[in-house]
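Visitor: Attaching a single structure in structure tokens format; questions to follow.
The values are calculated or read from the model by the stated rules, or taken from the named source; none is laboratory data. Source: prediction; values computed, not measured. Counting neighbours? That spans all protein chains shown, and the Cβs are built from the backbone with ideal geometry, glycine included.
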Amino acid sequence: MGKLYTKKQLAAPKMLPKKETISFLLNYSKALRMIKVGNMTFETIAN
């Protein structure tokens, strides 16, 4: 069991998102509107 903890950890590979993913998230955030009425919040997507 001691051998498990003494092993050197390998560096995790960089996880980079695709350009399509970034574009989708940016477009979604541009279209999302939050409207607060009293103590309620409504989310609408303007497409």
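The rows are residues; the columns are (1) in contact with a Ser or Thr (Cβ under 6 Å, 6 or more places away or on another chain); (2) at pLDDT 90 or above; (3) of a type outside the set (S, T, N, Q).
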| site | (1), (2), (3) |
| --- | --- |
| TYR5 | no, no, yes |
| LEU25 | no, yes, yes |
| ASN39 | no, yes, no |
| ILE45 | no, no, yes |
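Visitor: Can you pull out every residue in region 7-23 that is modelled with pLDDT under 90 and either of a type in the set (D, E, K, R) or within 12 Å of ILE45 (Cβ to Cβ) (or both)?
Guide: LYS7, LYS8, LYS14
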